[in-house]
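In what follows, a structure is listed as structure tokens, so that the remarks can point back to it.
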Amino acid sequence: MKKRTNSGFTMLEILVVLTLLVIIVGLSAYLYARAARLRKLITYQSDVQSTLNSMITEITYGSRSTTGLEFAHEIKKDVQTPLYELGLYDKTKNEYVFYLVSPGMNSGIPSTLPTTNTDTTLWQAKTNTPTTPARNSGEWKLIDANKSVELASGSGFTYYQLTNTGLKKIDNLLSETPVAVKITLRGKTTDPSLKTRPVIELTSLVRLKNKLPF
């Protein structure tokens, strides 16, 4: 009678297999996490750009019959600082459309602070008078209703007049007539996990529709 031989795995072979499995699983998890991170970064770039584009589009085309700049002033009175307010007049609807770069996203009311802050966003107000609504009037609405993007320092409006040598930046809106406005929006996501990502900037130069071409 023949004696049976033991055909099972040795302890060493089992340990080798387990080690290989641990390496494979760990490598797979690392690659998956890396791919997920890359997808998140791509989505971040796309989402922020899309939101900023929506803001600029709302200003540029939100009121199709906008005829020109009716009202604008600096929140900060120093002429070296950006302009944070823009006012347009909709001839068809006979209403004034105001835009404001201001903190207050989380409170739902534009802040009285004179500059941008951590919850700065773009606000819109529509009225029947050429006077900017008070910050606490309840007339200011968020353009970014989902609160997905906050605006960074450097966002705002820069006004230009037409000279013999081309466009020139306006320092005093009370004595100089603008023919164009440059919209600058610098934003980043409000997602805490992506707070360290660089700011994305979009700009657009808009000619006022009641002015001659240049």
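The values are calculated or read from the model by the stated rules, or taken from the named source; none is laboratory data. These figures come from a predicted structure and were not determined experimentally. Cβ sites come from the backbone with ideal geometry, for glycine too, and all protein chains shown count toward neighbours.
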message = Tally up the residues in the range 153-183 that are crowded, with 18+ Cβ neighbours inside 10 Å and in a strand (DSSP E or B), please.
response = 7
message = Conditions first: (1) modelled with pLDDT under 80; (2) more than 20 Å from the chain's Cα centre (by Cα); (3) part of a loop (DSSP other than H, G, I, E, B). Thr116 passes all but one, so which condition is the exception?
response = (2)
message = Taking the condition of being touching a residue at least 60 places away in the same chain (Cβ under 8 Å) and of a type in the set (D, E, K, R), how many residues in the range 139-172 meet it?
response = 2
query = Considering only residues of the range 119-162 that are modelled with pLDDT under 90 and among the aromatic types (Phe, Trp, Tyr), which is farthest from Asn172 (Cα to Cα)?
reply = Phe157
ask   = Of the numbered conditions (1) surrounded by fewer than 17 Cβ atoms within 10 Å (Cβ to Cβ); (2) at negative phi; (3) free of Cβ contacts under 8 Å to residues at least 60 places away in the same chain, Pro133 satisfies every one except a single condition; which is it?
value = (1)
query = Do we have Asp78 as surrounded by fewer than 18 Cβ atoms within 10 Å (Cβ to Cβ) and at pLDDT below 50 here?
reply = yes
key: Residues located in the range 119-144, provided they are within 17 Å of Phe157 (Cβ to Cβ) and either among the aromatic types (Phe, Trp, Tyr) or outside any loop (DSSP other than H, G, I, E, B) (or both)   = Thr121, Leu122, Trp123, Gln124, Ala125, Trp140
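If I filter the range 187-209 down to residues being in a loop (DSSP other than H, G, I, E, B) and out of contact with any Phe, Trp or Tyr (no Cβ under 9 Å at 6 or more places or on another chain), which single residue comes out as modelled with the lowest pLDDT?
Out of the qualifying residues, it is Lys209.
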